[in-house]
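Chemist: The structure's right below; bear with me while I get my questions together.
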Amino acid sequence: MKHFASGTKAILWWAAFAVLLEAILVLLWFFNRDAYIYLGIEDALGENVTALCYVAAAVLIWTAGIKAIRSGSSSVLRESLPLLLGALFLWIGGEEVSWGQRLFGFGTPEAMKASNLQNEFNFHNLSIFDKDEMADYQQLVENYRMNPVDTPSSPDEGKTKRKKKKKK
């Protein structure tokens with residue numbers, strides 16, 4: 001029980017620290033917008049610290065998961081959930097800094113360059129996640145529901161048809 005209490009205490013301290021950092025960001029948003037914007041710039045302190053925190057969280061969670069596996073007294077969920085969460089946090093941290101693209105100085109692969117909105121080696125900037133692209137696809141689906149015969153085969157074709165109708 002002592003181990004549980006000390007673990008809970010550490011989690012509460014880290015949670016309080018995270019809330020404090022978030023409060024600082026909110027205050028910066030209202031009182032020093034330039035500092036807030038600086039923290040969000042590509043490769044600036046804010047982005048790198050965020051990525052580092054996600055990677056550190058992944059390592060800590062994996063450590064807890066490995067301890068649970070070694071103890072042998074845990075359930076499958078208790079053993080696998082930390083490993084999955086750790087993988088998720090590592091993914092988020094890697095995505096935050098484009099998997100170290102600028103840090104290690106490698107270029108964006110051609111296959112990704114064509115569809116990445118920021119020309120970076122990450123997945124969250126792919127055009128399929130762009131809200132405008134998604135809105136076009138949603139409109140395409142809605143058009144098909146309303147009139148399956150006159151539906152364009154792609155959002156680009158739909159944009160062309162809409163432009164032609166506006167010109168008339």
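The values are calculated or read from the model by the stated rules, or taken from the named source; none is laboratory data. These numbers come from a predicted model, not from an experiment. Positions of Cβ are backbone-derived with ideal geometry, glycine not excepted, and every protein chain shown enters the neighbour counts.
Chemist: Return the residues of the range 109-131 that are in contact with a helix residue (DSSP H, G or I) (Cβ under 7 Å, 6 or more places away or on another chain) and not acidic (Asp, Glu); say none if nothing qualifies. Explain how you work it out, then say what you get.
Modeler: Of the residues in the range 109-131, the ones in contact with a helix residue (DSSP H, G or I) (Cβ under 7 Å, 6 or more places away or on another chain) are 115, 117, 119-124, 127.
Once the filter is applied, which keeps residues that are in contact with a helix residue (DSSP H, G or I) (Cβ under 7 Å, 6 or more places away or on another chain) and not acidic (Asp, Glu), the range 109-131 yields SER115, LEU117, ASN119, PHE121, ASN122, PHE123, HIS124, SER127.
Chemist: How do the pairs read when you match residues in the range 69-89 that are farther than 19 Å from ALA57 by Cα with residues anywhere that are among the aliphatic types (A, V, I, L, M) and assigned to a helix (DSSP H, G or I), using Cβ under 8 Å and keeping only pairs 6 or more apart or on different chains?
Modeler: Within 8 Å, the pairs are SER74/ALA68.
Chemist: A follow-up question, please. Can you find even one residue in the range 58-78 that is in contact with a helix residue (DSSP H, G or I) (Cβ under 8 Å, 6 or more places away or on another chain), modelled with pLDDT of 80 or more, part of a helix (DSSP H, G or I) and hydroxyl-bearing (Ser, Thr, Tyr)?
Modeler: Checked against the condition, which is being in contact with a helix residue (DSSP H, G or I) (Cβ under 8 Å, 6 or more places away or on another chain), modelled with pLDDT of 80 or more, part of a helix (DSSP H, G or I) and hydroxyl-bearing (Ser, Thr, Tyr), the range 58-78 yields no hits at all.
Chemist: Just to check your reading of the model, which residue among ALA58, ALA68, ALA10, ALA23 is farther than 25 Å from GLU120 by Cα, hydrophobic (A, V, I, L, M, F, W, C) and surrounded by 14 or more Cβ atoms within 10 Å (Cβ to Cβ)?
Modeler: Values: ALA58 fails: farther than 25 Å from GLU120 by Cα; ALA10 fails: surrounded by 14 or more Cβ atoms within 10 Å (Cβ to Cβ); ALA23 fails: surrounded by 14 or more Cβ atoms within 10 Å (Cβ to Cβ).
Of the residues listed, the single one that is farther than 25 Å from GLU120 by Cα, hydrophobic (A, V, I, L, M, F, W, C) and surrounded by 14 or more Cβ atoms within 10 Å (Cβ to Cβ) is ALA68.
Chemist: Let me ask you something else. When you scan the range 81-95, do you find a residue that is at pLDDT below 80, closer than 30 Å to TRP14 by Cβ and in the same structural domain as GLY40 (by TED's automatic domain parsing), even just one?
Modeler: Applying the first criterion (at pLDDT below 80) to the range 81-95 yields none.
Scanning the range 81-95 turns up no residue that is at pLDDT below 80, closer than 30 Å to TRP14 by Cβ and in the same structural domain as GLY40 (by TED's automatic domain parsing).
Chemist: Go over the candidates ASN125, ASN119, ASN147, ASN143 one by one and state the one that is touching a strand residue (DSSP E or B) at 6+ places or on another chain (Cβ under 6 Å) and either at pLDDT below 70 or outside the structural domain of ALA56 (by TED's automatic domain parsing) (or both). Break it down stepwise before answering.
Modeler: Details: ASN119 fails: touching a strand residue (DSSP E or B) at 6+ places or on another chain (Cβ under 6 Å); ASN147 fails: touching a strand residue (DSSP E or B) at 6+ places or on another chain (Cβ under 6 Å); ASN143 fails: touching a strand residue (DSSP E or B) at 6+ places or on another chain (Cβ under 6 Å).
Of the residues listed, the single one that is touching a strand residue (DSSP E or B) at 6+ places or on another chain (Cβ under 6 Å) and either at pLDDT below 70 or outside the structural domain of ALA56 (by TED's automatic domain parsing) (or both) is ASN125.
Chemist: Quick one: in the range 93-108, which of the residues that are touching a residue at least 40 places away in the same chain (Cβ under 8 Å) and either not small (Gly, Ala, Ser) or not in a helix (DSSP H, G or I) (or both) is surrounded by the fewest Cβ atoms within 10 Å (Cβ to Cβ)?
Modeler: Restricting to residues being touching a residue at least 40 places away in the same chain (Cβ under 8 Å) and either not small (Gly, Ala, Ser) or not in a helix (DSSP H, G or I) (or both), the top hit is ARG102.
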